[in-house]
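The values are calculated or read from the model by the stated rules, or taken from the named source; none is laboratory data. Not measured: the values here are computed from a predicted model. Every residue, glycine as well, gets a Cβ built from its backbone with ideal geometry; the counts of neighbours run over all protein chains shown. The accessibility values were calculated without ligands, DNA or RNA, using every heavy atom of the protein model including side chains. Shrake-Rupley method; radii C 1.70, N 1.55, O 1.52, S 1.80 Å.
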Amino acid sequence: MSSEFRNTVRANLAKPEVRANFYRAMDGLMTRRLDQFPDKAELERLRTQSMAIRANALSKLPELLETLEANLTRNGIQVHWAETTDQANQIVLSILQKHNAKSIIKGKSMVSEEMGLNHFLEALGIEALESDLGEFIIQLDHEAPSHIIMPAIHKNRIQIAKLFHEKFPDIPYTEDVDELTQTARRILRDKFYAAPVGLSGVNFMVAETGTLCLVENEGNGRMSTTAPSVHIAVTGIEKVVESLSDVPPLLSILTRSATGQPITTYFNMISGPRKPGEKDGPEEVHLVLLDNGRSNIYSDPELLATLRCIRCGACINHCPVYVRIGGHSYGTVYPGPIGSILEPQKAGLDVHGELAQASTLCGACSEVCPVRIPIPSILNRLRYDGVRRDTANTNTVGSGKRRTLSEAATWKTWAWAATHPTIYHAGSTLATRFKGMLPTNLGAWTTVRSAPKLAESTLHQQAKNLGVDHE
Amino acid sequence: MSNTARANILARLREPQRPECGFSERDYLSRYDWDTAERVRRFTERMVAVRAEVHHTTPETWLDVVSQVCAAKGLNNLLVSPETVLGKQLHAQAERFPTLKTYDHPIESWKQELFYGIDAAFTGTYGGIAETGTLIVMPSADEPRLMSLVPPVHIAVLEVAKLYTTFAEAVQAQGWVQAGMPTNALLISGPSKSADIEQTLAYGVHGPKELVVILV
Ligand code: SF4
């Protein structure tokens, strides 16, 4: 079997440096998260509470979006709706054109990655500069983020030092993290000074007050949303919560789950553009609400849980598959467990359905998820949707597209045999009798393992010999 | 385009059966029972852990401490509002401080100086949070948003009486919803930092490299 996904995985597994970078980082993140939750019972209480906050918001999603829009509008923030990433890009473009802007400076935003905004703008000759340190680094190297919280986690200090030296030859070579950071600060400060438009993501939107909340440590989010005279926020429709009082518990579990910090340096709550008399802040604030498949996910009572996600990345940090294959192997915007349930649903099972297979269903992800998303069950459901025949009964995009005739026939035969005891027993007895003739070379499986051996007699026979009644 | 998109999205969200919510009462208030001394202790511990400076002062001594901090850091100038209660006190004794600057024009008219020529800014705060070691800052016309962001050093005064146990408690006790949210409200918990390079903490990425809290 070969696919683009498998090929990338193979290539990335062969990079010991990158694997070491992931191992080191994920280990640290897991320990730091654990330190934040010394009391297991309290953690479970908080997870249940956070799940309820998100579930409550989703249960009223259309109404909350309308309330949010009304309150944002009252506060002077302009709200735009986009069904597709194309529409979202066009909305951003029209705002830029209105202001004759030839460049934007960006705070960290995964939804803008989802939109492919940078490429879209660059093709039109508009510069889109990332200002989050990690995003800045990977943009220099023309790479995509390998983690949703720490985009440059796959690189080590030496690789970054070399990259800076190559891109900024005038600055003396250094491997010192502080000096590298100060270089980025100086370069980006000039950009913040000059940028006409700033763009950011959003972590939570508060319907009750019409507030956009951003979580960050560096200040790039504050800069992008404060220094330029226009601020555009882009986010998914699911990010809304009902009341301001819902925010503190979510913020607390988000930062502790994500990076093991009790809180981030900045929590930025934006409820409007500059008011008359105020001396800074953007003159215009826009919010682009993106659907891009979310409303379809919403239509399924089981898959809907996907939309509770607060993008903390804990499932990624704890995933034994992610830590080995790394973020770039997935070939999607969101990697790791959350990516494996989200991306196949957005792009379709025919496009990314394979990601749902790339899991051992160990459950580490759902055990740490602060909003209790049952990731393994959803993976199973997507596996089923991929091969099911009654595709009319599910809304998942690309349902049934992963069904192959040979696999279907194999399972059908097995099911037939398993429901006909005489045939099944004859088959298993034959197999044990001629076990010496079974192949020992089973392709990839046996390159690192020995082939399974059948026992001398079947379990059924052994049980019978012991006098166990098989009924 | 946007209007059709809006109608389509909302229609799609209204189509399926209502998902369950499983939410009864909101019960977010803290389970801690910290007195003032404990709140101050926790706040200080958290702030120091993220490399902020915390000075415990009194209404009689805080101005002296601010003046000492400025001298110790060798600041050439300090951005201070001439309008706020605290700012007025600094301006009244201007000779004890580095050159006092004021943010009295819209940013457009002096962006260059603010971005490249200001060493430090002094502001008040709206309150604090003990659990996480956090300042609540609500920028205003007198103390605009960029004051706590652009200069490399931020010196902020927090009155102990406004130090709450948790964020949830501050939102409720200060009546944020009833009062209406300002255009920008901030929680600040230390100097600007990043761990994007090898998980190694580096300070002063885009915001202040140093945060000095004057507890009064
Ligand atoms: S699925 Fe859960 S653990 Fe993973 S990013 Fe989302 S909220 Fe975090």
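Conditions first: (1) more than 10 Å from chain B (Cβ to nearest Cβ); (2) in contact with a Ser or Thr (Cβ under 9 Å, 6 or more places away or on another chain); (3) open to solvent by 10 Å² or more (accessible area, probe 1.4 Å). A:R311 passes all but one, so which condition is the exception?
(2)
Given (1) assigned by TED's automatic domain parsing to the domain that holds A:E122; (2) buried (at least 17 other Cβ atoms within 10 Å of the Cβ), identify the lone condition not met by A:E63.
(2)
Assuming A:G125 fulfils every condition listed in (1) over 26 Å from the mean Cα position of the chain (by Cα); (2) facing chain B (nearest Cβ under 9 Å); (3) of a type in the set (G, A, S) apart from one, which condition is it?
(2)
What strands (runs of 3 or more DSSP E), lying completely within segment B:27-141, carry at least 2 residues that are more than 11 Å from chain A (Cβ to nearest Cβ)?
Fully inside segment B:27-141 and qualifying: B:53-56, B:77-80, B:99-101, B:120-123, B:127-129.
Of all residues in segment A:305-334, count the ones that are more than 13 Å from the ligand (Cβ to nearest atom) and at positive phi.
Number satisfying all stated conditions: 2.
Determine whether A:A194 is in contact with a Leu (Cβ under 8 Å, 6 or more places away or on another chain) and within 12 Å of chain B (Cβ to nearest Cβ).
No, not satisfied.
Do you know which residues across segment B:154-187 are over 22 Å from B:R46 (Cβ atoms) and either open to solvent by 30 Å² or more (accessible area, probe 1.4 Å) or within 9 Å of another protein chain (Cβ to nearest Cβ) (or both)?
B:V177, B:Q178, B:A179, B:G180, B:M181, B:P182, B:T183, B:N184
Matching residues to (1) touching a Phe, Trp or Tyr at 6+ places or on another chain (Cβ under 7 Å); (2) under 30 Å from A:K346 (Cα atoms); (3) open to solvent by 80 Å² or more (accessible area, probe 1.4 Å):
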site: A:D390; (1), (2), (3): no, yes, no
site: A:N393; (1), (2), (3): no, yes, yes
site: A:E407; (1), (2), (3): no, yes, yes
site: A:A415; (1), (2), (3): no, no, no
site: A:K453; (1), (2), (3): no, no, yes
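Which one is farthest from A:N71 (Cα to Cα), of the residues in segment A:252-296 that are within 16 Å of the ligand (Cβ to nearest atom) and among the hydroxyl-bearing types (S, T, Y)?
The residue in question is A:T259.
Quick one: count up the residues across segment B:41-62 that are surrounded by fewer than 19 Cβ atoms within 10 Å (Cβ to Cβ) and either more than 20 Å from B:E210 (Cα to Cα) or out of contact with any helix residue (DSSP H, G or I) (no Cβ under 6 Å at 6 or more places or on another chain) (or both).
12
All but one of (1) over 22 Å from the mean Cα position of the chain (by Cα); (2) without any contact (Cβ under 8 Å) to a residue 12 or more places away in the chain hold for B:A37, so report the exception by its number.
B:A37 satisfies every listed condition except (1).
Can you list the helices (runs of 4 or more DSSP H) lying wholly within segment A:343-388 that have 2 or more residues being under 26 Å from A:T85 (Cβ atoms) and more than 16 Å from the ligand (Cβ to nearest atom)?
Those helices (runs of 4 or more DSSP H) span A:349-352, A:354-357, A:375-387.
Filter segment A:49-100 down to the residues that are among the β-branched types (V, I, T) and within 9 Å of chain B (Cβ to nearest Cβ) and list them by number.
A:I53, A:V79, A:T84, A:I91
Could you tell me whether segment A:206-216 includes any residue that is farther than 23 Å from A:K239 by Cα and facing another protein chain (nearest Cβ under 7 Å)?
no
Look through segment A:254-295, keep the residues that are in a helix (DSSP H, G or I) and either open to solvent by 10 Å² or more (accessible area, probe 1.4 Å) or closer than 23 Å to A:G219 by Cβ (or both), and return whichever of them is farthest from the other protein chains (Cβ to nearest Cβ).
A:S257
Which count do you get for residues in segment A:357-410 that are in contact with a Leu (Cβ under 7 Å, 6 or more places away or on another chain) and among the small types (G, A, S)?
Residues in segment A:357-410 being in contact with a Leu (Cβ under 7 Å, 6 or more places away or on another chain) and among the small types (G, A, S): 4 in total.
Take A:L163 and decide whether it is in a helix (DSSP H, G or I), crowded, with 17+ Cβ neighbours inside 10 Å and within 9 Å of another protein chain (Cβ to nearest Cβ).
When the stated conditions are applied, A:L163 does not pass them.
Based on what the data block shows, is A:E302 within 14 Å of chain B (Cβ to nearest Cβ), open to solvent by 20 Å² or more (accessible area, probe 1.4 Å) and within 16 Å of the ligand (Cβ to nearest atom)?
It is true that A:E302 is within 14 Å of chain B (Cβ to nearest Cβ), open to solvent by 20 Å² or more (accessible area, probe 1.4 Å) and within 16 Å of the ligand (Cβ to nearest atom).
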